Amino acid sequence: VNGYPAKFIHMQGDASSKGYAIVFGDTTFSTMIMAAYPVTDENTGKEIVKSLNTIWYDKNKKIDPFETANFSLNDKESKFKFFQYNANLYIYTVGGLDNKDNRDEPFIIVSQLPKDNTMTSKSIADAMIAKAQQYGLTNPDVRNISTEKINGYDTYQAEVFGQMQGKSSVIYQCVTTKGDK
């Protein structure tokens, strides 16, 4: 793909759909593109292949992670500075420094999620706690719940006390919703 080694996969996971996947890259990056279509629509399958054959990747292009952000966060008055964008997560650390070797350092994660009409801010917060439990949070105790508006947007805010890897920790949650985001 665009001069990079690649794997091209045509697959069928269930009786109703087929899909394509391309994984390509080199020793400095890898990219995966996936597409799916109904098993009965071979024309769409052909159009997907045609589209996949136009992929172009420019390693030198500087990506602005905030170009598609649905939020703005002014970190000028905070000790937390933007550190990294990774898989739809905007990560802020003290001083914007890499702290992954020090698990006791605080950090902020901002994530954008699509929202449907059945989801409430609280249900999103509950799902976040459930996900944190999959990553080691035990004995979550939700306290200090607030639903005040921030900059005119509905929010659900809470403090989640628990343990991570045997150490006491606190997760501050703030779910802000606007329309379908």
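Against the empirical 2.2 N^0.38 Å (N residues), segment 6-97 has a Cα radius of gyration ratio of 1.53.
Kindly report the accessible area of segment 1-82 per residue (heavy atoms of protein chains, probe 1.4 Å, no ligands, DNA or RNA), in Å². Please report the intermediate quantities before stating the final value.
Numbers: 6250 Å² over 82 residues.
I get 76 Å² per residue for segment 1-82.
Loop-only check: which GluC sites (Glu not before Pro) in segment 1-91 are DSSP coil with at most 12 other Cβ within 10 angstrom? Loop-located and lightly packed - Glu67, Glu77. Per-residue extension of 0.36 nm, minus the Cα-Cα distance of Tyr85 and Glu159, leaves a gain of 24.2 nm for this segment.
Between rounded, prolate and oblate, where does segment 126-181 land on the alpha carbon gyration tensor, with a ≥ b ≥ c its root eigenvalues, rounded for a/c under 1.5, else prolate if a/b exceeds b/c?
Details: a/c = 3.51, a/b = 1.99, b/c = 1.76.
Judged from the Cα gyration tensor, segment 126-181 comes out prolate (a/c at least 1.5, a/b above b/c).
Residues in segment 44-59 carry Karplus couplings, in order, of 5, x, 5, 5, 5, 4, 4, 5, 4, 6, 9, 4, 9, 10, 10, 4 Hz; the curve used is 6.51 cos²θ - 1.76 cosθ + 1.60 with θ = phi - 60°, and Gly or Pro positions show x.
Which label belongs to the value computed from this structure, given these candidates for semi-axes √(5λ) of the Cα gyration tensor in Å: (1) 36, 22, 18; (2) 55, 26, 13; (3) 29, 19, 15? The value computed from this structure is option (1). Here the accessible area of segment 1-147 is 53 percent carbon and sulfur, with a 1.4 angstrom probe and all protein chains present.
Candidate cross-link partners of Lys50 among the aspartates and glutamates, defined by an alpha-carbon separation under 19 Å and a same-chain spacing of 8 or more, comprise Asp41, Glu42. Excluding same-chain neighbours fewer than eight residues apart, the lysines reachable from Lys79 by a Cα-Cα span under 18 Å are Lys100. On the beta carbon distance between Thr28 and Glu67, with R0 = 35 Å, the FRET formula returns roughly 0.95. Annotation: amide H of Gly96 within the under-5 Å range of Lys81, sequence separation 5 or more or interchain, hydrogens built in the peptide plane. Please identify the trypsin sites (Lys or Arg not before Pro) of segment 1-61 that satisfy two criteria: DSSP loop assignment and at most 11 other Cβ atoms within 10 Å. Which are they? Counting only loop positions with at most 11 other Cβ atoms within 10 Å, the trypsin sites (Lys or Arg not before Pro) in segment 1-61 are Lys59, Lys61. Calculated [222 nm] ellipticity per residue, helices only, for the chain: -4500 deg cm²/dmol; basis is -39500 (n - 2.57) per DSSP H run with n ≥ 4, divided by all residues, nearest 500.
The values are calculated or read from the model by the stated rules, or taken from the named source; none is laboratory data. Given the structure is predicted, the values throughout are model-derived calculations rather than measurements. Here Cβ is always computed from backbone atoms with ideal geometry, including for glycine, and neighbour counts include all displayed protein chains. Surface accessibility is based on the protein's heavy atoms, side chains included, excluding ligands, DNA and RNA. Shrake-Rupley method; radii C 1.70, N 1.55, O 1.52, S 1.80 Å.
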